[in-house]
1. Take peptides 59-66, 197-204, 364-371 and line them up by average Cβ neighbours within 10 Å, highest first, as a rough protection proxy.
2. Please express the Cα-Cα pair-distance distribution P(r) of segment 172-285 as a list of whole percents, one per 5 Å bin, running from 0 to the bin with the greatest distance.
3. Using a 1.4 angstrom probe on the protein heavy atoms only, could you order Phe49, Phe83, Phe328 from most to least accessible area?
4. Over the chain, what percent of the accessible surface lies on carbon and sulfur atoms, probe 1.4 Å?
5. Per the Kirkwood definition applied to all pairs of different Cα atoms, how many angstroms is the hydrodynamic radius of the chain?
6. Could you identify which residue out of Lys95, Lys282, Lys338 has the top mean-square fluctuation in a GNM of the chain using Cα springs shorter than 10 Å?
7. Taking the Cα centre of the chain as the origin and placing charges on Cβ (Lys, Arg +1; Asp, Glu -1), which of Asn401, Val200, Asn376 is farthest toward the positive end of the dipole?
8. For a quick check, take a GNM of the chain with Cα springs below 10 Å and name the residue from Asp77, Asp140, Asp248 with the largest mean-square fluctuation.
Amino acid sequence: MNQATPTPQTLTDKISCQSDYDPNAMTVSRAQDFILSLLEPVDGIERVFVRQALGRVLAEDAVSPINVPAADNSAMDGYAARFADISGDAPARLKVAGTVLAGHPSPAALQPGEALRIMTGAVIPSGVDTVVIQEVTETDGEHVVIPPGQKQGQNIRRAGEDLRAGHPAIVAGKLLRPAELGLLASIGAAEVSVRRRVRVAMFSTGDELKSLGTPLAGGDVYDSNRYTMWGVLTRLGCEIIDMGVIPDDPAKLETAFRSASENADVILTSGGVSVGDADFVKTMMTRLGEVLFWKIAMKPGRPMAFGRIGKAWLFGLPGNPVAVMVTFYQFVRLSLLKLAGVSPVLPLPTFGVPVSVNLKKNPGRTEFLRAALSLNEQGQWTVAPAGAQGSGVLRSMSEANCFIVLEHERGNVAAGETVQVQPMEGLV
Ligand code: AMP
Ligand code: MG
C-alpha cells in the first residue's frame, strides 16, 4: 500500500539528533519542549449550545454578525446635549425637551438650545454629540444648567466599539470560560463549533494497589492516583476511559495497553517506570510501542516514560502520588491543552514572592515544593513550604495552595529571598 511514503522518523531519531540529549538527565524545559513539538491537535468538531461550550476549545473563529453595541448609546445617566450649546466659558442653561430610555426610541431629534434627559444604554438621538453626567448638573425639571469644561463626544459608547460586524469576536483555539459564554451570547450565537474532547485512557499499575471498597491486606495501599488523575482530567475537559488497576502481570498489561491504544488519544499510567520496579510495565511499553524512558532532573517525579503506542500518545508517570501530580502539571497538562487545540499553549503562570524560611537546594535539578502562600502582618504575600515534602505525602499536597519552583541552576535559598511561585488553586 503506502510503499512510496518515506518511513516516518522515530521518536528516538527525532530527539537523539538534538545536541546533548541525555535520557538520564533531561531538564524539565527540554522535556516540555520536545513533547510539545511532536503533538498536533485532535481532529473532530462538534456543534454545541453556548452553555455546553464551557471548558471546551473553540474550533472556528466566532465571527460577529452584528456591531456591539449595535448603535451609539449613552455610557451614563445624565443629559444629552449639542456640544456647540455647552462649549462656552459660562454655565449653559438648556430646556429639557424629554427623556430617552434604554430600549426605547428617542422622542425627538434634539434642537439647538435643548437637552434631553438620557439613561445609560439609551440610543443617542440625532443632533446629540455629548452626554453630561447628571451629578454635575442642576435642574428645576424644565431646565438644566450645565457647567463649562465638558468635552465633545464624552460619555458616548460608539456602535461597534466592542465588536465590529464581520470581525472575529473570539478566535479559534480559545478555551471557553464564563467571559466567552457571555461574549458569544452578546453576538447572538446560540451554538458554537468546538473541538471534540481529548480521549484519555488511564490506569494504575502495581500488585499492591487496591480499588476502593476492597479490604487492604498487609502491604496494600488504596489506588489514589486514579482519583487525582480523574480530577485533573475532568477539570481539563477530557473524556476519560478509566481502566482501573492493572496488576504487574504481562498478559493483563498487554491487554490494557492494546485496548487503551485502540480507543484513546492518550494513555496515562502511573507506576512501574522507576528503576527498581518489576520490569513488566516498561517491557510492555517497549514491546507494544515506541517509548522513551527519561530520568528528569526534577524533584519530585524523576522517572517518566513518553512515547506512542499505535496512534495514542503515552505518558507513563511515576507511582508516587505527589510525583504523579507534579509530572502531570509540568508535562501532561500542557500536552493535553495542545492536543485539545488550545492556542497559544501557555505554561502555568509563575511570579516572585519572598520566602519566609531557608530552603536547601542542590543545583542541577528543578525542585517543586508544595507550599502555602499567605499574607503576613504587613499585608504582603509570603510563601513557605507546606508540611512534609516526601513524594508519597499527599496530605501536604492538600495543604498547599502553590508550588515553589526552584530553578535548575539554583542552590540554597535564604529566608527573605525571592522565589518563583506557581499557584495551584483550581488545579489540584
Ligand atoms: P512505583 O513507581 O510503581 O515504584 O511506585 C512508587 C510508590 O508509589 C510505591 O510506594 C507505590 O505503592 C506507590 N503507588 C504507585 N501507584 C500508586 C497509586 N495508584 N496510588 C497510590 N500509591 C501508588
Ligand atoms: Mg509499582
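1. 197-204, 364-371, 59-66
2. Computed distribution, short to long bins: 2, 10, 17, 17, 16, 11, 7, 6, 6, 5, 3, 1, 0.
3. Working: Phe49 120, Phe83 45, Phe328 0 Å².
Sorted by accessible area, descending: Phe49, Phe83, Phe328.
4. The nonpolar share, carbon plus sulfur, comes to 53 percent.
5. Hydrodynamic radius (Kirkwood, Cα only) of the chain equals 26.1 Å.
6. Among Lys95, Lys282, Lys338, the largest mean-square fluctuation in the Gaussian network model of the chain belongs to Lys95.
7. Val200
8. Comparing Asp77, Asp140, Asp248 in the GNM, the peak value goes to Asp140.
The values are calculated or read from the model by the stated rules, or taken from the named source; none is laboratory data. Treat the numbers as computed from the prediction; the structure is a model and nothing was measured. Neighbour counts are summed over all protein chains in view; Cβ atoms, including those assigned to glycine, are modelled from backbone coordinates with ideal geometry. With ligands, DNA and RNA removed, areas are computed over all heavy atoms of the protein, side chains included. Shrake-Rupley method; radii C 1.70, N 1.55, O 1.52, S 1.80 Å.
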